[in-house]
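The values are calculated or read from the model by the stated rules, or taken from the named source; none is laboratory data. In this text, all values refer to a predicted model and were calculated from it rather than measured experimentally. Here Cβ is always computed from backbone atoms with ideal geometry, including for glycine, and neighbour counts include all displayed protein chains.
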Amino acid sequence: MLTSKQRLSFFFERTREHDLFGPDGAASSLPEPLGGNPGYNRSDVYRLSWDYTLSPTLLNRFYAGATTGSRTMARSTPTAARPNPRDFPPYRRVGRAKICIPNYPNCDDDFPQVNFTNSEFTNWGVAAPNGSDNIVVEFHDDMTKSLGSHTFKWGYFYNNTHYNGFGLQNISGNVTFQNLNTGVPLNTSQATGGGSAFASFLLGQVSGYSLDTPRYLATEFRSHEAYFQDDWRVSQRLTLNLGLRFELSLPLLVGDNQASDLSPSTPNPGAGGLPGALVFAGSGPGRIGSDTLTSGWNGWGPRLGFAYGLNNKTTIRGAASRSFGPLTYEGSSSHNLGIVQRITVSDQSQGLNPLWVLQNGAPAWAQVPISIPPWATAPTSPITTGKRPARHPMRSLSPSISNAR
């Protein structure tokens with residue numbers, strides 16, 4: 001407490017969780033690097049609040065908070081406090097494998113994952129590091145004023161959220177082998193058709209695979225909100241709650257302009273000029289000339305509530321409000337086409353033909369990032385001259401009514 005009219009409080013919390021591997025950690029059926037999947041969760045939480053009674057009928061409350069965190073799920077040891085997208089990968093597994101399947105992006109930082117169907121043999125390897133770094137900062141300021149039968153409230157809210165996702169899951173190999181490739185053709189029952197997933201492995205007949213390139217995608221969400229409401233005691237029995245909120249979501253920002261999105265209206269030269277093409281943030285050939293892919297969004301959210309006392313024992317309450325979800329691009333939240341590769345393919349021939357043979361390596365894949373989209377009309381011109389509107393956040397109308405005795 002600062003004075004009789006002012007109160008200040010502060011809160012801090014630190015979390016450090018580590019899942020270990022080996023004698024002091026989680027048990028595994030196979031030794032590293034064939035098994036084991038430890039990780040860690042780190043976060044620091046800060047909270048500050050300041051209550052100031054300006055007069056007997058006027059109160060101000062300011063509060064702010066910040067959360068920083070990093071979480072990874074992998075067989076790895078961190079060598080940097082936070083990943084740097086320009087020097088990735090920042091997480092190294094214990095003892096580099098130096099083994100990978102041909103034509104995969106990286107042989108240094110993980111052991112290939114080899115999977116066998118029907119649980120006839122223990123799978124080898126686990127996913128390399130993947131997780132996220134998160135920073136959330138918020139500011140609130142609320143005022144409350146009592147005036148006769150009215151209690152007025154108004155305030156402001158600001159949020160800045162960084163979600164930075166990183167991953168190396170399938171950089172050195174992730175392949176699956178099934179019994180169908182070595183069994184009786186088109187007989188999917190191992191009991192009658194035989195076959196062995198391990199035999200398929202010895203022959204190198206791949207029935208499924210995943211391939212990822214290293215990624216660190218940093219996204220920043222920014223929003224402003226303001227509101228005004230009136231709790232009006234109309235009579236001894238009836239109280240109304242009337243409110244209005246304004247929400248402003250600024251355009252999403254992505255680190256190093258690593259953002260692409262589907263533009264339904266942009267002509268696609270690769271499809272004869274039909275509308276619908278990928279657009280890329282940033283300036284230069286094949287990009288839109290802006291650091292953001294959207295123009296932001298704003299909306300109004302009204303609120304109406306009431307409480308009516310039928311008698312000394314029964315009160316009827318009702319409310320209706322309009323609210324909005326977070327701002328996104330078209331296609332929700334995954335916007336990395338042309339920036340990273342994430343490929344997953346499975347066999348559709350029931351074992352008649354392998355997808356590819358292990359010793360020959362994975363099928364060819366497009367190198368990323370793509371600096372100039374192959375379908376760009378002119379390498380010296382931006383794809384479009386302006387930003388298009390953001391995808392509207394999800395709207396929610398929430399009516400409710402209840403009876404309390």
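Tabulated data for the structure shown
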item	result
Flag for Ala197 being crowded, with 18+ Cβ neighbours inside 10 Å, at pLDDT 85 or above, farther than 30 Å from Lys313 by Cβ and among the small types (Gly, Ala, Ser)	yes
Residue tally, condition hydroxyl-bearing (Ser, Thr, Tyr) and more than 27 Å from Asn336 (Cα to Cα), over the range 220-274	3
Candidates Gly255, Gly296, filtered to the one that is out of contact with any helix residue (DSSP H, G or I) (no Cβ under 7 Å at 6 or more places or on another chain) and either closer than 21 Å to Val368 by Cβ or of a type in the set (Val, Ile, Thr) (or both)	Gly255
Hits in the range 142-157 - residues which are of a type outside the set (Val, Ile, Thr) and either under 14 Å from Gln229 (Cβ atoms) or buried (at least 16 other Cβ atoms within 10 Å of the Cβ) (or both)	Asp142, Met143, Lys145, Ser146, Leu147, His150, Phe152, Lys153, Trp154, Gly155, Tyr156, Phe157
Residue in the range 135-151 that is without any contact (Cβ under 8 Å) to a residue 40 or more places away in the chain and more than 22 Å from Asn336 (Cβ to Cβ) present	yes
Contacts under 9 angstrom Cβ, first residue in the range 52-68 being assigned to a strand (DSSP E or B), partner surrounded by 16 or more Cβ atoms within 10 Å (Cβ to Cβ) and small (Gly, Ala, Ser), 6 or more apart	Arg61/Gly155
Residue that is surrounded by the fewest Cβ atoms within 10 Å (Cβ to Cβ) [pool: residues in the range 256-272 that are part of a loop (DSSP other than H, G, I, E, B) and touching a residue at least 60 places away in the same chain (Cβ under 8 Å)]	Gln258
Pick from the range 273-296, criterion crowded, with 22+ Cβ neighbours inside 10 Å, assigned to a loop (DSSP other than H, G, I, E, B) and within 20 Å of the chain's Cα centre (by Cα), ranking: modelled with the lowest pLDDT	Leu293
Lone qualifier among Phe152, Phe139, Phe157, Phe201 - being among the aromatic types (Phe, Trp, Tyr), within 38 Å of the chain's Cα centre (by Cα) and within 30 Å of Asp108 (Cα to Cα)	Phe201
Tally, over the range 19-59, of residues that are within 25 Å of the chain's Cα centre (by Cα) and modelled with pLDDT of 70 or more	9
Number of the condition not met by Gly208 [criteria: (1) closer than 17 Å to Phe116 by Cα; (2) crowded, with 18+ Cβ neighbours inside 10 Å; (3) of a type in the set (Gly, Ala, Ser)]	(2)
The listed residue being within 23 Å of Gly165 (Cβ to Cβ) and touching an Asp or Glu at 6+ places or on another chain (Cβ under 9 Å), out of Gly282, Gly325	Gly282
Test: Leu202 is without any contact (Cβ under 8 Å) to a residue 12 or more places away in the chain and among the aliphatic types (A, V, I, L, M)	yes
Candidate set: the range 297-333, residues that are at pLDDT 85 or above and hydroxyl-bearing (Ser, Thr, Tyr); chosen: the one surrounded by the fewest Cβ atoms within 10 Å (Cβ to Cβ)	Thr314
Residue list for the range 110-138, restricted to those being closer than 11 Å to Phe177 by Cβ and of a type in the set (S, T, N, Q)	Asn115, Thr117, Asn118, Asn123
In the range 196-215, the residues that are assigned to a strand (DSSP E or B) and touching a helix residue (DSSP H, G or I) at 6+ places or on another chain (Cβ under 8 Å)	Gln205, Val206
Test: residue in the range 153-165 that is in contact with a Ser or Thr (Cβ under 6 Å, 6 or more places away or on another chain), in a strand (DSSP E or B), at pLDDT 90 or above and over 30 Å from Gln258 (Cα atoms)	yes
Every residue from the range 118-131 that is surrounded by fewer than 19 Cβ atoms within 10 Å (Cβ to Cβ) and either of a type in the set (Ser, Thr, Tyr) or closer than 20 Å to Phe221 by Cα (or both)	Ser119, Thr122
